[in-house]
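Visitor: Below: one structure in structure tokens.
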């Protein structure tokens, strides 16, 4: 089963608004990463946050991690039409060996 | 750098045929990953290599799937024989350091259709 579940599945906002996506996971992680995928394209890495970190910023992106709740959020501020894409969280899980699980994704539409 | 290169970009084949997908990682990257993406199952990690050595192939769905990395600049994913349920987009990715410790760079994918 999927390690990560994202919420909402789809989000539609006006340009200039903020977009927040959430990711919940099931087991302890080493790190959590966020990726973006434009339709029909490969994934692009956005941010990596380690299990001992609580917040990271990159430009208009802000990621938080709450390991006690096994959840993360991605905030995109001042959204642009070019931000329209699917966003995935992915977790690095160490069990008997390292495994990497992608979430189900959030489809974001930014309306100009 | 040209990024991760995958070929072919599209492949249409008949059930029972052998399919070989190819990947050239970014020069200097130590880890290589193969993923499959479908609507039903999302993105799944199939296998990954570190320094050309397969580390974990537990995501490979069946024995019909095999992957090799004969050198640091080339990897293949082979399906033999192919089945309609193998239809998916297959991505190759590479990263600079040990698996999952750093960002992965994805190729554009190969869209496989098995009829």
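The values are calculated or read from the model by the stated rules, or taken from the named source; none is laboratory data. No experiment lies behind these values; they were computed from the predicted model shown. Every residue, glycine as well, gets a Cβ built from its backbone with ideal geometry; the counts of neighbours run over all protein chains shown.
Visitor: Just checking, which of A:72, A:79 is in contact with a strand residue (DSSP E or B) (Cβ under 7 Å, 6 or more places away or on another chain), farther than 29 Å from residue B:54 by Cβ, more than 12 Å from chain B (Cβ to nearest Cβ) and outside any strand (DSSP E or B)?
Guide: Checking each option against the conditions leaves just A:79.
A quick yes/no check of all residues on (1) more than 13 Å from chain A (Cβ to nearest Cβ); (2) buried (at least 20 other Cβ atoms within 10 Å of the Cβ):
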position	(1), (2)
B:64	yes, no
B:70	yes, no
B:75	yes, yes
B:78	yes, no
B:81	yes, no
B:94	no, yes
B:97	no, no
B:105	no, yes
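Visitor: Residue under question is residue B:56, and the condition is that it be surrounded by fewer than 17 Cβ atoms within 10 Å (Cβ to Cβ) and either more than 26 Å from residue A:41 (Cβ to Cβ) or touching a strand residue (DSSP E or B) at 6+ places or on another chain (Cβ under 9 Å) (or both); does it hold?
Guide: It is false that residue B:56 is surrounded by fewer than 17 Cβ atoms within 10 Å (Cβ to Cβ) and either more than 26 Å from residue A:41 (Cβ to Cβ) or touching a strand residue (DSSP E or B) at 6+ places or on another chain (Cβ under 9 Å) (or both).
Visitor: If you check A:20, A:27, which single one turns out to be over 12 Å from the mean Cα position of the chain (by Cα) and more than 25 Å from residue B:4 (Cβ to Cβ)?
Guide: Values: A:20 fails: over 12 Å from the mean Cα position of the chain (by Cα).
When all the criteria are applied, what remains is A:27.
Visitor: Provide a single number: the residues in segment A:37-57 that are under 26 Å from residue B:35 (Cα atoms) and either under 13 Å from the mean Cα position of the chain (by Cα) or touching a residue at least 24 places away in the same chain (Cβ under 8 Å) (or both).
Guide: Residues flagged as under 26 Å from residue B:35 (Cα atoms) and either under 13 Å from the mean Cα position of the chain (by Cα) or touching a residue at least 24 places away in the same chain (Cβ under 8 Å) (or both) within segment A:37-57 amount to 10.
Visitor: Tell me, yes or no, whether segment B:5-27 has at least one residue that is over 12 Å from the mean Cα position of the chain (by Cα) and at pLDDT below 95.
Guide: Within segment B:5-27 (the criterion being over 12 Å from the mean Cα position of the chain (by Cα) and at pLDDT below 95), the answer is no, since none of the residues qualifies.
Visitor: When segment B:32-44 is examined, which residues are found to be closer than 18 Å to residue A:44 by Cβ and modelled with pLDDT under 95?
Guide: Within segment B:32-44, B:42, B:43 qualify.
Visitor: Does segment B:21-41 hold any residues that are assigned to a strand (DSSP E or B) and surrounded by fewer than 17 Cβ atoms within 10 Å (Cβ to Cβ), and which are they?
Guide: B:22, B:38
Visitor: Next question. Got a sec? Which of A:35, A:101, A:87 is at pLDDT 95 or above and facing another protein chain (nearest Cβ under 10 Å)?
Guide: A:35
Visitor: Against the condition in contact with a strand residue (DSSP E or B) (Cβ under 7 Å, 6 or more places away or on another chain) and without any contact (Cβ under 8 Å) to a residue 24 or more places away in the chain, how does residue B:45 come out, does it pass?
Guide: yes
Visitor: Tell me which residues, restricted to segment A:94-112, are more than 12 Å from the chain's Cα centre (by Cα), surrounded by fewer than 20 Cβ atoms within 10 Å (Cβ to Cβ), touching a residue at least 60 places away in the same chain (Cβ under 8 Å) and farther than 20 Å from residue B:94 by Cβ.
Guide: Matches in segment A:94-112: A:94, A:95, A:109, A:111, A:112.
Visitor: Just wondering, is there one or more residues in segment A:47-68 that are facing chain B (nearest Cβ under 9 Å), surrounded by 19 or more Cβ atoms within 10 Å (Cβ to Cβ) and closer than 15 Å to residue B:43 by Cβ?
Guide: Scanning segment A:47-68, I find no residue that is facing chain B (nearest Cβ under 9 Å), surrounded by 19 or more Cβ atoms within 10 Å (Cβ to Cβ) and closer than 15 Å to residue B:43 by Cβ, so the answer is no.
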